[in-house]
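Asker: Submitted below is the structure of interest, expressed as structure tokens.
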Amino acid sequence: MGDMEQGKVPVNSETKVYGVYGDPIKQSKSPLMLNRAFAETGINAVYAAFHILPGRLEAAVAGIRGMGFGGVNVTIPYKVEVMQYLDEIDESARFAGAVNTIVNREGVLTGYNTDGIGYVRSLKEETGVQLQGKRILMIGAGGAARGVAYGLAKEGAGTIYIANRTADKASELAAILKPICEAQGMGMEGIVHIKDKVDLVMNTTSVGMHPNVDQMPVEPDWFRPGMIVSDLVYNPLETKLLREAKQRGAQTHGGLGMFVYQGAYAFEYWTGAAAPVEAMRDAVLRSLRGNN
Ligand code: ATR
């Protein structure tokens, strides 16, 4: 399918090059998603996966300038290390402490983080939720949580409660958030005291991800109708947490949209064109279902 669509926009001497840097990189769904987006919009560009070996990241970043790539995505394990090699760091990346998107503007490289804002855009577009003033329980206080908290705060969230296995990390994140949003950190045992106040619950940990599909980050007995339960995990597409939430009448939201929209923002920063989000989602879904 990828080949067929690339055929619509032949590669020539004008073709702009984009890509993703990571190690490993074979598993990445970004090439098929972004190439679909370029094909769909008729933009003369290609997107490749680059396997960057340990110790080669700095040279790879210099390669963006040297070869005039339009930009790259950065994935595990390089999202933090890459920051030191860039010219500018956007607020989104400074807050998240990690870069997943680099834009090359005439040799000046700027690092962004589109994971958190991508997640929030998918949450809004897929559930219709208005985040302003909402009380949100975020489970987890790692890198993903930081980016998501930034996105939620930017949308005017009311209070963000952060519950984490390691309570100190939750308190640290709450302290970082306080200048831009009401926030409170706690250990998992703190959830019982705030559970009746929250409108939205989101899992930012990897608990429940394949192959540990029988695990959940919290006991779901207090989920109720009117609540939105969201999981950043998208493998499986419906986690046990979401299944249990649905059974209790809550509205659910899975993590696939976060992946799609982080790529949509990257596409938009690079090209200035609106991302063809549904085509991008379709490309990823087909691949996850094994029929592309
Ligand atoms: P990421 O970038 O994916 O957020 P991370 O920065 O390593 O990864 O953060 C992982 C988060 O998932 C942390 O909040 C972690 O809790 P701790 O701070 O206590 O380590 C949480 N996490 C991971 N595995 C977990 C588990 N089995 N049970 C509960 N929390 C877990």
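Asker: In whole angstrom, note down how far apart the Cα centers of region 24-52 and region 124-174 are.
Answerer: 30 Å
Asker: Moving on to the next point. Grab the DSSP H runs of the chain that are 4 residues or longer, score each as -39,500 (n - 2.57), total them, divide by all residues and round the 222 nm result to the nearest 500 deg cm²/dmol.
Answerer: Details: 11 runs with 110 residues, N = 292.
Estimated from H runs of four or more residues: -11000 deg cm²/dmol.
Asker: With the contact rule set at Cα under 8 Å and sequence spacing of 6 or more, what percent relative contact order holds for the chain?
Answerer: Rounded, it is 16 percent for the chain.
Asker: Contour minus end-to-end for Ser206 and Ala48, with contour as 0.36 nm per residue of separation and end-to-end as the Cα-Cα distance? Before the final figure, lay out each step's value.
Answerer: Numbers: separation 158, 0.36 × 158 = 56.88 nm, distance 2.68 nm.
Length difference between fully extended and current span is 54.2 nm.
Asker: With both partners inside region 57-215, how many of the DSSP beta bridges are antiparallel, as a percent to the nearest 5? Mind showing how you got there, number by number?
Answerer: On the way: 9 of 26 bridges.
Rounded to the nearest five, the antiparallel share is 35 percent.
Asker: For the chain, set up a Gaussian network in which alpha carbons nearer than 10 Å are linked by springs, and say which option among Val198, Val72, Val99 fluctuates the most.
Answerer: Of the options given, Val198 has the highest mean-square fluctuation.
Asker: Let me ask something else. Evaluate the charge dipole of the chain about its Cα centre and quote only its size in Debye, nearest 20, assuming +1 on the Cβ of each Lys and Arg and -1 on the Cβ of each Asp and Glu.
Answerer: Using only the charged Cβ atoms, the result is roughly 320 debye.
Asker: Now a separate question. If all Cα-Cα distances of region 122-229 are sorted into 10 Å bins from 0 onward, what percent lands in each bin, rounded to whole numbers?
Answerer: 15, 50, 32, 3
Asker: Region 1-100: which trypsin sites (Lys or Arg not before Pro) are DSSP loop and have at most 11 other beta-carbon atoms within 10 angstrom?
Answerer: Counting only loop positions with at most 11 other Cβ atoms within 10 Å, the trypsin sites (Lys or Arg not before Pro) in region 1-100 are Lys8, Lys26.
Asker: First measure r as the distance between the Cβ atoms of Ile176 and Glu88, then evaluate 1/(1 + (r/R0)^6) with R0 = 25 Å and state the FRET efficiency to the nearest 0.05.
Answerer: E between Ile176 and Glu88, to the nearest 0.05, is 0.75.
Asker: Then there's this: Tell me, what is the Rg over Rh of the chain, with Rh the Kirkwood radius over Cα pairs? Intermediate values should be presented prior to the final figure.
Answerer: On the way: Rg = 19.3 Å, Rh = 19.7 Å.
Looking at the chain, the ratio lands at 0.98.
Asker: First select every other residue whose beta carbon is under 13 angstrom from the beta carbon of Leu288; then total the charges, Lys and Arg +1, Asp and Glu -1.
Answerer: Here the charged neighbours net out to +2.
Asker: Rounded to the nearest 5, what % of the DSSP beta bridges within region 21-126 are antiparallel ones?
Answerer: Roughly 60 percent of the beta bridges in region 21-126 run antiparallel, per DSSP.
Asker: Take every DSSP beta bridge with both residues inside the chain and express the antiparallel ones as a percent of the total, to the nearest 5.
Answerer: 20 percent
Asker: Now for a different question. Just in region 185-271: which trypsin sites (Lys or Arg not before Pro) are loop by DSSP and have at most 16 other Cβ atoms within 10 Å? Could the numbers behind the result be given before it?
Answerer: Working: sites: Lys195, Lys197, Lys240, Arg243, Lys246, Arg248; in loops: Arg248.
Passing both the DSSP loop test and the Cβ count: Arg248.
Asker: Hey, another quick one. Which ordering of Met67, Met280, Met216, Met83 is given by a fewest-first count of other beta-carbon atoms within 10 Å?
Answerer: Neighbour counts put them in this order, fewest first: Met67, Met83, Met216, Met280.
Quick note: the coordinates plus some simple rules give every number you see, no bench work behind them. Worth saying up front: this structure is predicted, and the values here are computed from it rather than measured. Glycine also receives a Cβ, built like all others from the backbone with ideal geometry; neighbour counts cover every protein chain displayed.
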